[in-house]
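The values are calculated or read from the model by the stated rules, or taken from the named source; none is laboratory data. Keep in mind it's a predicted model, so treat the numbers as computed, not measured. All Cβ positions, even for glycine, are placed from backbone atoms using ideal geometry, and neighbour counts span all protein chains on display. Note: areas computed on protein heavy atoms with side chains; ligands, DNA, RNA excluded. Shrake-Rupley method; radii C 1.70, N 1.55, O 1.52, S 1.80 Å.
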Amino acid sequence: MSTIIKLESLNKLYRDFPAVKDLNLEVKEGEIFGIIGHNGAGKTTVLKMIVGLLAPTSGTIEVMGHDMTKDSTDAKKDIGYLPEESPLYENMNVQEYLMFFSELYKLPKKEAKERINLLLDSLKLEAKGKYTGELSKGMKRKVAIARTLLHDPKLLVLDEPNSGLDPLTSFFIIDYLKKLSKEGKTIVISAHNLFHVEYICDRVAILKNGELVVCDTVEAMRETFGKREYEVVFQADANLDYERKEENYIFRAADVAQIASLLQKISENNWALVDLSVQQSALEEMYVGIMTEEK
Ligand code: ATP
């Protein structure tokens, strides 16, 4: 899989305040890559540098083979960027607003109309004739997302696409991003809702005070920072030294071998297996652990 984004030794100082410190990251083609961290961790700063809106103080940024610190024009044609706040021009209706941006992207009129209809349809936004100033927060966010997709970019960089949205609209958008990823788009997303991040992201980077703490799959983070525990619930016609709950025995262990040996015992004795389940740390739980850990 080819590399779409490569950040090397990236630093950003706002005057003398270090917002991003020695950041190294790679995002591969087709990935949904999450960037999470506390308020002020540096997420927006990183995203703005990736899309060429902000120059780093030092380090290199390569996006789809382009050095963004030297010439970002060509790369920008293939990037759709959704800023954290996306005020719309309130005196235009949705159709006019999106047509206006299609012209900026130099899309032919007929193609633009088709594209707008398709995007509004897939985002379930029936508000073509409404003024953008009259839209609800969720509808505005959907229009902003449609705008980032007008030119059919290969890379989507979305800064908190769900902020301020109700749970169902949020989930709709998250699911929509999953569909876009299946269509081949690479997506970088920052978000505070870690359930969403765990649900859609292939890999996650955690930033703390401008520094990368960890960058991996949630599964791999679980190996290092989380826990996984298996639980066997069974019935036996014998007096055993296990925890009891009503007529059942319960056994919990993190070690698969112990579970396997109990399952074998259950089978050999013709006991009844009631339930076998696994409980594992959610990203949220690990995040809290990582962020509160003293360094
Ligand atoms: P949030 O989750 O609140 O959106 P964030 O992780 O996106 O936060 P950034 O917006 O990147 O964080 O900000 C990182 C740090 O840089 C913060 O301490 C912030 O105050 C500072 N910062 C951001 N923009 C500027 C600026 N234009 N001038 C000075 N400092 C800034």
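Table for the structure above
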{"read-out": "Ser163 more than 21 Å from Glu293 (Cα to Cα), among the small types (Gly, Ala, Ser), touching a His at 6+ places or on another chain (Cβ under 8 Å) and surrounded by fewer than 20 Cβ atoms within 10 Å (Cβ to Cβ)", "value": "yes"}
{"read-out": "Residue among Glu111, Glu126, Glu26, Glu62 that is buried (at least 16 other Cβ atoms within 10 Å of the Cβ) and more than 16 Å from the ligand (Cβ to nearest atom)", "value": "Glu62"}
{"read-out": "Selection within the stretch 21-49 - more than 21 Å from His66 (Cα to Cα) and among the aliphatic types (A, V, I, L, M)", "value": "Ile35, Ile36, Ala41"}
{"read-out": "Residue in the stretch 222-272 that is nearest to the chain's Cα centre (by Cα), counting only those that are aliphatic (A, V, I, L, M) and assigned to a loop (DSSP other than H, G, I, E, B)", "value": "Ala254"}
{"read-out": "Top-ranked residue of the stretch 175-196 - restricted to ones that are farther than 20 Å from Ile4 by Cα and crowded, with 17+ Cβ neighbours inside 10 Å, ranked as nearest to the ligand (Cβ to nearest atom)", "value": "Ala191"}
{"read-out": "Test: residue in the stretch 183-206 that is in contact with an Asp or Glu (Cβ under 9 Å, 6 or more places away or on another chain), among the hydroxyl-bearing types (Ser, Thr, Tyr) and closer than 30 Å to Phe17 by Cα", "value": "yes"}
{"read-out": "Residue list for the stretch 29-45, restricted to those being within 6 Å of the ligand (Cβ to nearest atom) and crowded, with 17+ Cβ neighbours inside 10 Å", "value": "Gly37, Ala41, Gly42, Lys43, Thr44, Thr45"}
{"read-out": "Output for the stretch 175-217, where each listed residue is closer than 21 Å to Thr148 by Cβ and hydroxyl-bearing (Ser, Thr, Tyr)", "value": "Tyr176, Ser181, Thr186, Ser190, Tyr199"}
{"read-out": "Residue list for the stretch 245-268, restricted to those being loosely packed, with under 12 Cβ neighbours inside 10 Å and farther than 22 Å from Lys227 by Cβ", "value": "Glu246, Glu247, Gln264, Ser267, Glu268"}
{"read-out": "Hits in the stretch 5-21 (condition: open to solvent by 20 Å² or more (accessible area, probe 1.4 Å) and either more than 13 Å from the ligand (Cβ to nearest atom) or in a strand (DSSP E or B) (or both))", "value": "Lys6, Glu8, Ser9, Asn11, Lys12, Leu13, Tyr14, Phe17, Pro18, Lys21"}
{"read-out": "Residue within the stretch 154-168 that is within 16 Å of the ligand (Cβ to nearest atom), closer than 22 Å to Ile5 by Cα, in contact with a strand residue (DSSP E or B) (Cβ under 6 Å, 6 or more places away or on another chain) and among the acidic types (Asp, Glu) present", "value": "yes"}
{"read-out": "Filter pass, Val46 being in contact (Cβ under 8 Å) with a residue 40 or more places away in the chain and part of a helix (DSSP H, G or I)", "value": "yes"}
